[in-house]
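Notes follow the structure.
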Amino acid sequence: MIKRLSSGPYLFWMLMFVIVPIVMILAFSMVTVTSGGDWSFSLSNFSRAFDPIYIAVLGRSLKIALEATFICFILGYPMAMILAKMPVKYRTFSVMLFVVPMWMNFLLRTYAWMTILGKNGIINGLLSLLGLPNVTFLYTEGAVLLGMVYNFLPFMVLPIYTVLMKMDQSLVEAAEDLGGDKRTVFRKVIFPLSIPGILSGVSMVFMPSVSTFVISNLLYGGQYMLIGNLIEQQFLVVNDWNFGSAVAMILMLLILASMAIMNRFGGGNPEERGANLW
Amino acid sequence: MKKIVSIVLLIALFATLFTGCKSEDKIVLNVYNWGDYIDEDIFETFEEETGIEINYETYATNEEMYTKIKKGGTQYDIAIPSDYMIEKMIKEDLLEPIDLSKIPNYANIDSRFKGLDFDPENKYSVPYFWGTVGIIYNTDLITEPVDSWSVLWDEKYSGMFTMVDSQRDSIMVALKKLGYSMNTKNLDELEAAKQALIEQKPLVLAYVGDNVKDMLISEEAAMAVVWSGEASAVIQEYDNFAYALPKEGSNMWFDNVIIPKGSKNIEAAHQFIDFLCRGDIGFKNADYVGYATCNTETMKLIDQSLIGTTYAYPDLKLLENFEIFSDPGDFITEYDRIWTEIKAK
């Protein structure tokens with residue numbers, strides 16, 4: 001009885017802040033409101049979302065989110081390995097270094113990049129000191145990508161690091177004893193065992209990247225519309241909550257689909273992986 | 001026993017979820033304003049004089065403010081929208097009527113700003129600031145004359161200027177450049193404006209809001225479409241900037257103080273509006289934000305050299321072909337669609 005009661009707050013939380021909002025968004029997305037304030041059921045918000053303009057926005061978001069995820073993976077995996085192999089003395093400190101920037105406000109960190117990348121910013125200052133011509137960094141797609149990689153890299157490194165740390169070293173030793181060279185051991189033992197961490201890292205980078213609107217707004221000066229910007233605009237600027245909800249639903253389905261695909265990729269025990277994912 | 005304890009604890013937990021911290025003894029006035037659009041020091045003065053505390057929040061566009069008030073769930077007692085938005089909010093019954101007899105300082109407001117089309121009898125709104133939309137440019141970096149919107153379509157300024165991240169104002173720039181009214185309800189004209197803005201997009205450095213001043217000062221941008229007060233703030237600090245009122249005409253706007261429907265502190269809101277209309281308070285705000293005051297008492301206090309400048313108190317002859325935004329009614333959905341399509345391109 002007590003056990004059941006103690007799950008009450010959690011159920012209440014789920015209901016109020018997860019289930020009810022999703023149902024509301026779904027309801028909003030399937031309704032159109034006439035100027036007189038009459039509601040009617042319609043799927044026109046969804047059909048509008050498949051207009052080529054918005055498909056292009058969706059494609060752009062997917063592309064840059066995948067790029068960011070890929071770069072984070074390429075950078076993050078070796079970093080996680082280096083961290084995992086460090087002597088304990090330095091390891092705690094190094095992991096701290098990854099975590100500390102996250103204590104700072106996310107917006108502030110992104111604003112900082114604006115001053116670094118700006119026309120008269122730090123990098124261009126250095127370039128002109130060396131007698132090189134100025135380069136436009138800010139308000140380009142590269143700036144948005146950089147912002148994503150910078151902000152989300154720890155989410156890739158930390159789960160992979162955790163998995164590598166927890167890995168049973170005797171398996172690695174056994175592989176080595178059986179004559180595997182370093183490459184084979186990595187390919188056949190370490191990498192497959194770290195897949196749960198990779199999957200969790202990939203989804204933790206991909207999801208915020210595909211839905212962000214702040215990074216693109218600040219680092220591309222409101223000109224670069226990602227799907228997150230489209231949703232934000234519908235809610236805050238043009239006051240079309242119905243279309244905004246439809247786009248939000250589509251984004252949600254997209255993330256769900258990508259998670260399903262990723263779960264297929266990874267072998268191993270799905271329950272274990274699920275635990276790591278969240 | 002354990003069961004009872006846990007139930008009691010649970011109830012206590014749920015109960016605390018729904019109670020905020022409320023102090024009944026003090027009136028708290030919720031003021032919702034544009035960012036950087038008031039001297040926040042005056043809140044302290046107001047609290048000292050009346051005992052009413054101010055809770056201050058800001059927004060970046062009229063549309064953002066409208067959405068929050070319209071969709072409910074918020075408790076604002078004061079907001080400061082612009083002309084067309086006031087018209088729309090009156091139509092939609094979102095404003096509380098203002099009792100001018102409770103605002104003696106209303107007499108300070110220049111009659112030029114009273115009874116404008118969006119609120120002909122000032123039943124719902126009291127003037128705060130007014131101004132224009134124009135082009136501010138860095139005279140060190142832009143040496144050729146700037147007097148027309150067409151500079152913003154000139155290839156040689158590619159990547160050097162910013163547009164304003166506000167739907168009506170950016171579409172206005174294109175409509176005016178094409179020679180149309182900025183209040184057009186003609187779909188062909190609006191589509192033409194859309195095409196013009198899409199064509200212009202590769203040349204634009206960024207669509208910006210409040211941070212435009214920093215971008216100009218740091219020379220990130222050499223030219224920008226801005227509200228006059230932003231130009232005023234920059235020009236008063238730095239000599240190498242000028243503000244042009246485009247010859248095709250532009251937007252002349254008026255921001256008025258209103259009380260949103262549902263305010264629980266209507267009495268206090270009146271007190272606050274009266275406070276804002278005081279000459280010395282008006283001066284503090286005008287001095288801080290740089291916009292042009294509507295207050296005759298404040299006019300006596302301001303730096304007289306501002307009179308006749310393009311950015312603060314321009315010669316009215318320059319404003320002859322300027323328009324005031326009106327609410328397009330349901331046609332706004334077309335503006336919304338076009339703005340979304342421009343930004344999505």
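The values are calculated or read from the model by the stated rules, or taken from the named source; none is laboratory data. As the structure is a prediction and not an experimental result, all values here were calculated from the model. Cβ placement follows ideal geometry from the backbone for every residue including glycine, while neighbour counts extend to all protein chains displayed.
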Exercise for the section: Evaluate segment A:178-190: report whether one residue or more is closer than 29 Å to residue A:252 by Cβ and assigned by TED's automatic domain parsing to the domain that holds residue A:260. Expected result: no
Problem - Wholly within segment B:128-236, strands (runs of 3 or more DSSP E) carrying at least 3 residues that are touching an Asp or Glu at 6+ places or on another chain (Cβ under 7 Å) and within 14 Å of chain A (Cβ to nearest Cβ) - result: none
Exercise for the section: Quick one: residue A:152 ticks every box in (1) within 18 Å of the chain's Cα centre (by Cα); (2) free of Cβ contacts under 8 Å to residues at least 40 places away in the same chain; (3) under 24 Å from residue A:197 (Cα atoms) except a single one, so which number is it? Expected result: (2)
Problem - Qualifying residues in segment B:230-240 (those that are in contact with a strand residue (DSSP E or B) (Cβ under 6 Å, 6 or more places away or on another chain) and surrounded by 23 or more Cβ atoms within 10 Å (Cβ to Cβ)) - the one farthest from residue A:225 (Cα to Cα) - result: B:234
Completion exercise
Within segment B:44-75, the residues that are aromatic (Phe, Trp, Tyr) and surrounded by fewer than 19 Cβ atoms within 10 Å (Cβ to Cβ) are B:56
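Just one of A:7, A:61, A:40, A:47 is of a type in the set (Ser, Thr, Tyr), under 30 Å from residue A:141 (Cα atoms) and surrounded by fewer than 17 Cβ atoms within 10 Å (Cβ to Cβ); which is it?
Of the residues listed, the single one that is of a type in the set (Ser, Thr, Tyr), under 30 Å from residue A:141 (Cα atoms) and surrounded by fewer than 17 Cβ atoms within 10 Å (Cβ to Cβ) is A:47.
How many residues are acidic (Asp, Glu) and at pLDDT 95 or above when one looks only at segment B:200-228?
Number satisfying all stated conditions: 0.
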Completion exercise
Note on segment B:313-345: residues touching a Phe, Trp or Tyr at 6+ places or on another chain (Cβ under 8 Å) and either of a type in the set (S, T, N, Q) or away from chain A (no Cβ under 14 Å) (or both) are B:324, B:325, B:326
Handout entry: Given (1) buried (at least 21 other Cβ atoms within 10 Å of the Cβ); (2) assigned to a helix (DSSP H, G or I), index of the condition residue B:243 fails
Key = (2)
